[in-house]
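Data first, discussion second: the structure below is written as structure tokens.
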Amino acid sequence: MKVAIAADHGGFTLKESVKKKLESMGLSYHDFGTYSEASVDYPDYGIQVAEAVARGEYDRGILICGTGLGMSIVANKVPGIRCALLHDTFSAKATREHNDTNVMAMGARVIGPGLADDIVELWLCTEFSGGRHAARVGKIGDIEKRYGREEGVTGC
């Protein structure tokens, strides 16, 4: 599995911690930035990960900012992306099983590195259940098409 990861200045430290978790899991990743705590604009980083996942260059994406809210909004603007804002393990598992999310967002000012590691591992290791959930996920693609946005290639 190939993972794309990015953060703004508020999420930089947690991103560095999550990268260590990915390495411990033996996963390949690309860090799209930012590379310091200097102030930046989260849309500039969130869009890079979302588009890379939508193009199929990466299987999943992880976005981190202060709250996770801004990054999740940005990611969900990209056709084919289903991004969930995650701050607990139950939601991490459920969103993979039921929504086949391909990008996740977290808030570094909301959770700490230990919980973030647990969320990331559970989210990455949980498979989509399919079945009745597949039809529901298909309806999300239909909504994108209704508004003139073709669903992108998700790689999942």
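A few comments on the model shown:
- Computed over region 38-156, the P(r) tail beyond 17 angstrom holds 54 percent of alpha carbon pairs.
- Range in the chain, longest, excluding exposed chymotrypsin sites (Phe, Trp or Tyr not before Pro) [loop by DSSP; at most 13 other beta-carbon atoms within 10 Å]: 36-146
- Per atom type, the chain shows carbon and sulfur on 52% of its accessible surface, probed at 1.4 Å.
- Net charge dipole, the chain: roughly 440 debye, given to the nearest 20, about the Cα centre with Cβ charges of +1 for Lys and Arg and -1 for Asp and Glu.
- Amide H partners (placed H, <5 Å) of residue 64, local residues excluded: 6, 7, 8, 106
- Relative contact order, percent, region 1-142 [alpha-carbon distance under 8 Å, six or more residues apart]: 25 percent
- When +1 charges are put on Lys and Arg Cβ atoms and -1 charges on Asp and Glu Cβ atoms, the dipole computed for region 70-156 relative to its Cα centre reaches about 400 debye.
- Helix-only [θ]222 nm of the chain, DSSP H runs n ≥ 4, -39500 (n - 2.57) each, per residue, nearest 500: -14500 deg cm²/dmol
- Among the listed pairs 15/139; 15/145; 2/139; 93/139; 19/145, those whose Cα-Cα separation exceeds 30 Å are 15/139; 15/145; 19/145.
- In this structure the chain gives 47 Å² per residue of accessible area when probed at 1.4 Å with all protein chains present.
- Cβ-derived FRET efficiency at R0 25 Å, residue 93 paired with residue 16, nearest 0.05: 0.50
The values are calculated or read from the model by the stated rules, or taken from the named source; none is laboratory data. What you see is a predicted model; the values in this text were computed from it and never measured. Glycine gets a Cβ as well: all are built from the backbone with ideal geometry, and neighbour counts include every protein chain shown. The accessibility values were calculated without ligands, DNA or RNA, using every heavy atom of the protein model including side chains. Shrake-Rupley method; radii C 1.70, N 1.55, O 1.52, S 1.80 Å.
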